[in-house]
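Taking it in order: structure first as structure tokens, then the write-up.
Readers should treat all values here as calculations from the given coordinates under stated rules, not as data from a laboratory. Fair warning: this is a prediction, and the values are worked out from it, not measured in the lab. Counting neighbours? That spans all protein chains shown, and the Cβs are built from the backbone with ideal geometry, glycine included.
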Amino acid sequence: MIELQHLSKRFGGRKVEPVQALDDLSLSVPAGSLYGLLGPNGAGKTTALRILCTLLAPDAGQVQVAGVDALAEPRTVRRLLGYVAQEVAIDKILSGRELLHLQADLHHMPAADRLARTAELIELLAMEAWIDRRCGSYSGGMRRRLDLAAGLLHRPRVLVLDEPTVGLDIESRATIWQVLQQLRDQGTTVLLSSHYLEEVDALADRLAIIDGGRVIAEGTPTALKGALGGDRVTLRVREFSDEQEASRVRDLLAACHGVRQVVVNRAQGYSLNLVVEDSGVVETLRHQLAEAQLPVFALAQSRPSLDDVYLQATGRTLSDAELSVAGRRDLKEERKQSMR
Amino acid sequence: MTSASPSLAPVPSASTEPSAFAEISQETLALTRRLFVQLARRPSTLVAGVLQPLIWLVLFGALFANAPEGLLPGGISYGRFLGAGVIVFTAFSAALNAGLPVMFDREFGFLNRLLVAPLRSRSSIVFASVLYITSLSLVQSLAIMGTAALLGYGWPGGAGLLLVLVTLLLLVFAVTALSLGLAFALPGHIELIAVIFVANLPLLFASTALAPISFMPPWLGWLAALNPLTFAIEPIRAAYAGSFRLTDVVLVAPYGSLNAATCLAILAGLAAGLFLLIRPMLDRKLT
């Protein structure tokens, strides 16, 4: 349904150091699926979605939605797409209902259909209580629901959402998740970006992990996690260890049978991340540590998560990536780019 | 929560597409309605917009109330002379500010909502602003003309009124297009406000709004005779003087005499030119 092929996009240039937002990114979203784009902030998710939604032209590459070339026929693609942007754009002076009516007119909906469809979405997203109040008085969750309704108004075949649940209360998030799943079940293709692992894990049929403007892993959540194999173990010998002790423990662990990929995580008080082949290995580890007279402050074991998939592909965790990217981004330049 | 109904309506094929006119009208009216709803809920713009030119008219008119008889060409009073200038300047200022709401829409991301919608023509955004500003200018102009009549500065009469209307429409279209162009070209509202601020008063002083060309040194006379405001002021002033034949000479410029029809044609040319100039800017936002 959505084909992004070899997309490249570079921002900045003259005054600021250019940022390669997309670097030969290719992606294929099957029709009727709920597809997740997972990646840290600054990975290029928003840029990819803005290009898909005809708000931005790529430096190179192809975009197709339902077989239509988005660069050659943007208006046709706009009719197929519903876009729910990351920054919620509403008019504070209008009521929610007025905003939906405006949106309907921008999509050339007939008057009768406009009323029926608005009523339908107000009920679906549980907005009756406040839809006639001015948007300026809405909470973040209300705004996001209204924005979702606006994106769905013209019955798009493809719904694109950029970080739809960032900063939302639990109730609004649950409502939005439920609606997205219903949409998918009824045949709409849904593409959402997120930097919440659990959101993509819970919702997406397939996902692509994006880092540095390119796809580094792609598949179903189960397949991606299953491919890693083994269980994840996080070990802390003390609450705050030091480098010397950590490397001593690492050498000890690495020597154990059934243990692989021992990594010292400096960001978390020199804790150790490792992979064990089966649960029995953990007991062996405890014995080994006791023999070496090392305490165990905390030992946690879990099935592989999407974060482990990310870690495996990039060598860092998603949250560490967010921190390192935060310093490199030129927010002013990005804001300028997003201002159309 | 009830069941979702995404209702995958088939995309209409090109052959069943409604007419371009119907679609553009729907877009334009919806966008215009939004501007009027905003105005109705925040009427301070309208109140200030009506009061300000009235204050101009009363104070400026009084400033030269005791000017010697026969000072102005045709021996008319300064208040009567000033009316046309205030009407045009008011419409001009309103139109020059037309880009501000669009700039704020850009900054708050609301414009993205318009740009991802399958608008038949992005000119609808321009048309909506023009409709809105023209209506606003008409209300302001009627208030000015009514006040001018009460102050004894005369009334243009039926055909004159039509001339005032056409002139304002052309000027508003041209200046609104310019302002929207700036709203797309400049980086932010600070820069836009700066441009508006710098352009506004000099264009007023370098026009025939406050004094006739015969009062000015040659260099200023030339400027005034090239200033688009002058081409709007002079036909309206002529209408106030009781003349509304399009062939009457209304402006004696250093480069020759112009009749009302020529002034209007120049304004129309300017409006068309500026509109064509900003069209590509609107479309570039698409790529």
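Packing here is the average count of other Cβ atoms within 10 Å per residue, and on that basis the peptides A:287-299, B:261-273, highest first, run B:261-273, A:287-299. A simple spin-label model places pseudo-atoms 7 Å from Cα toward Cβ; at A:Asp205 and A:Asp59 they are separated by 3.4 nm. Lysine pair count for chain A with Cα-Cα distance under 24 Å and sequence separation of 8 or more or different chains is 9. Placing R0 at 56 angstrom, the Cβ-Cβ distance between A:Glu322 and B:Ala48 gives a FRET efficiency of 0.75 after rounding to 0.05. Protection proxy ranking for B:210-222, B:112-124, using the average of other Cβ atoms within 10 Å per residue and placing the highest first: B:112-124, B:210-222. Students often get this wrong: which residues of the stretch A:91-107 have the backbone nitrogen under 20 Å from the point 7 angstrom along Cα-to-C-beta of A:Arg75? Counting only backbone N, you get A:103-107. Using a simple spin-label model with pseudo-atoms 7 Å out from Cα toward Cβ, B:Thr247 and B:Phe215 lie 3.2 nm apart. Stokes-Einstein diffusion for the protein assembly as shown, with the hydrodynamic radius set to the Kirkwood value over Cα pairs and evaluated at 20 °C in a medium of 1.002 mPa s, equals 75 µm²/s. Listed values for the stretch A:110-121 are Karplus-derived 3J(HN,Hα) couplings in whole Hz (6.51 cos²θ - 1.76 cosθ + 1.60, θ = phi - 60°), namely x, 4, 5, 5, 4, 5, 5, 5, 4, 4, 4, 6, and x replaces Gly and Pro. Seen from A:His101, the other residues with C-beta closer than 9 Å to its C-beta sum to a net charge of +1, counting Lys and Arg as +1 and Asp and Glu as -1. For A:Gln86, the residues whose modelled amide H falls within less than 5 Å of its own, excluding neighbours fewer than 5 places apart on the same chain, are A:Asp162.
Helices of chain B meeting both criteria, an alpha-carbon length of 18 angstrom or more along the long axis and an average Kyte-Doolittle score not below -1.0, with helices taken as full DSSP H segments, are B:20-41, B:44-63, B:78-96, B:123-150, B:157-185, B:189-205, B:228-240, B:260-284. Just to check, using Stokes-Einstein with a Kirkwood Rh over alpha carbon pairs, what's the diffusion coefficient of chain B at 4 °C and 1.567 mPa s in µm²/s? Answer from the Stokes-Einstein relation: 63 µm²/s. Per-residue ellipticity at 222 nm from helix content only, as computed over the protein assembly as shown with -39500 (n - 2.57) for each DSSP H run of at least four residues, stands at -17000 deg cm²/dmol. Placing +1 on the Cβ of every Lys and Arg and -1 on the Cβ of every Asp and Glu, with no other charges, gives the protein assembly as shown a dipole of roughly 1540 debye about its Cα centre. Per residue of A:91-98, other chain Cβ atoms within 10 Å of the residue Cβ number 4 on average. Oblate is the label for the stretch B:21-88. Its Cα gyration tensor axes, ordered a ≥ b ≥ c, give a/c of at least 1.5 and b/c at or above a/b.
Straightening the chain between A:Asp24 and A:Glu87 buys 20.1 nm, computed as 0.36 nm per residue apart minus the Cα-Cα spacing.
Taking the charge dipole of the stretch A:230-303 about its Cα centre, with +1 at Lys and Arg Cβ atoms and -1 at Asp and Glu Cβ atoms, the residue from A:Tyr270, A:Pro295, A:Val249 reaching farthest to the positive side is A:Tyr270. Here each label is just a point 7 Å from Cα along the line to Cβ, and for B:Asn200 and B:Trp222 those points are 2.9 nm apart. Computed over chain A, the range of Cα coordinates on each principal axis works out to 78, 48, 34 Å, biggest value leading.
Inter-chain Cβ neighbour count for B:113-125, averaged per residue, equals 6 (cutoff 10 Å, partner chain atoms only). Amide H contacts for A:Ser33 (H built 1.01 Å from N in the peptide plane; partners 5 or more residues away or on another chain; cut-off under 5 Å): A:Val190.
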